[in-house]
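*Asks:* Before anything else, here's the structure in question.
Each value in this text was obtained by applying a stated rule to the coordinates, not by laboratory testing. Keep in mind it's a predicted model, so treat the numbers as computed, not measured. No Cβ is skipped: glycine too gets one built from the backbone with ideal geometry, and neighbour counts run over all protein chains shown.
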Amino acid sequence: MPPTNNATRPLRELMAIGFNNVFLSMERLAGGLITALMALFCLSVLAAVLLASPLGVGLLLLPVALRLISKVADRERHRLSRWGTSVPSPAAFDHPSGPGEALRALVSRPRVRRELLWLFCHATLGLLTGFLGVVLPIIAVRDSTFPLWWRLLPPETAGASIGVPVHTWSEALAVGLLGAGWGAVTFGVLPFLALLQSCPGRCFLRPRIQAVLAERITVLTETRAAALRSHTAELRRIERSLHDGAQNRLVAAIIRTGAARRALWTDPERAEEAMEQAQAAAEEALAELRGVVRSILPPALENNDLEGALTALAPGCSVPCTVDVGDCGPMASSIEATVYFAVAEAVTNITRHSGADRARIRVARDGDRLHARVHDNGRGGADERAGSGLAGVRRRVEAHDGTLTVDSPVGGPTEIGLELPCGS
């Protein structure tokens, strides 16, 4: 008995995988049918606009039609990206605002032309495949269960899905067998239909490699310039801190030490007072230097790993703050410092501005990407343009080819997310 069960287990697993693929294909085809109906509507609108263009009315509506097509195309990109290879959106561009710009975009912009090609293909092929993907399972279920309920139908309306009338039990059983055949067809055809339906979107909606490279070069140029500006500003800050703080105090310590040395033989009491002042100035200079060093690399990171450094931040928050750091593995010290400073800035904002009563820090590694989230249930409304320090955090993060997201609607909650490359 056990050998028989072991022998049939692979067959059961294959059947489970097959049914899972069929249901996933049904879901994708149904979603594609919705976007195909939207594409058909957009195609009808575009045709009406172009036909009305000689009258002048269509030209005024052409920018609206192109913007509507772009919205539907973005929806299809998002749908396709949920399964299989991601279909990224191309670089953002300004939608045409006038009839002249719309006509030029229709003729000269590759993105618009490719979206129009997809629109035509999806409104025809996508609509047909989506319709079959929805109708075939319904027909299979209808005919397979037909012998169970055919007697409940009026004699003149009882029949198979293909229109053959049924009057006897043998004919009803034949319809049931036909339903089993429809089920086999559905089982084998739906994955192919889902793949066929997605082909135009993956072909025409994916940005061209030249556009991707141009966008990548633009982003790298901007982040490099921002990193250089941030680096220059940091050097100036350190220079001011050393010049206005530690240097002045060291000069004062030197002057008072010299005064104490000159007064040592003539006025010992005055020499002792000068030495005490010199010692105080030297201690203040040492504190200034320690503060500058801490702003370059936090001692918490130097003495602990990232988890220990972030855990040490939690007691400094004015509200209860939980820290959840997964196994992040080895990474560059600059990445750890970036995460630390970003989380420290977020915790400072929570203390000063949020009005929250609890906060949470989560850090996890997913492959070669490090994800960090700082969440609080405060009043929200965080704006990096309002001088909250988030703009500096964004420059620091983007300099490492990372991304910063700020989700802080008015009324809360606030969540600040970081994603940084951490591959060794």
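*Asks:* Please give the residues of the range 143-157, grouped as numeric ranges, whose backbone N is less than 15 Å from a label point set 7 Å along the Cα-to-Cβ vector of Leu173.
*Replies:* So the set is 146-148.
*Asks:* Let me ask another. So, R0 is 22 Å and r is the distance between the beta-carbons of Leu51 and Phe131; what FRET efficiency does that work out to, to 0.05? The partial results should precede the final answer.
*Replies:* Values: r = 27 Å, r/R0 = 1.21.
Efficiency computed from Cβ-Cβ geometry: 0.25.
*Asks:* Taking 1 over the mean of 1/r across every pair of different Cα atoms in the range 341-417, what Kirkwood radius in Å do you get? Can you show the working numbers first?
*Replies:* On the way: mean 1/r = 0.0794 Å⁻¹.
It works out to 12.6 Å.
*Asks:* If you average the sequence gap of Cα pairs under 8 Å that are 6 or more apart and divide by the length of the range 358-424, what percent do you get for the contact order?
*Replies:* 39 percent
*Asks:* Pulled fully out, how much extra length does the chain show between Glu307 and Val64, if you take 0.36 nm times their separation in residues and subtract their Cα-Cα distance? It would help to have the intermediate numbers written out before the result.
*Replies:* Details: separation 243, 0.36 × 243 = 87.48 nm, distance 5.11 nm.
Difference between extended and current length: 82.4 nm.
*Asks:* Could you tell me the calculated FRET efficiency between Asp74 and Ala180, based on Cβ-Cβ distance and R0 = 35 angstrom, to the nearest 0.05?
*Replies:* On the way: r = 41 Å, r/R0 = 1.18.
The computed FRET efficiency comes out at 0.25.
*Asks:* Just add up the charged neighbours of Trp182: K/R +1, D/E -1, any other residue whose Cβ is under 12 Å from the Cβ of Trp182. Present the calculation step by step, with values, prior to reporting the outcome.
*Replies:* Working: positive: Arg142; negative: Asp143.
Net local charge, Trp182 excluded: 0.
*Asks:* Working out 0.36 nm times the residue gap between Thr348 and Trp149, then minus their Cα-Cα distance, what length gain in nm do you get to one decimal?
*Replies:* Values: separation 199, 0.36 × 199 = 71.64 nm, distance 6.88 nm.
Length gained between Thr348 and Trp149: 64.8 nm.
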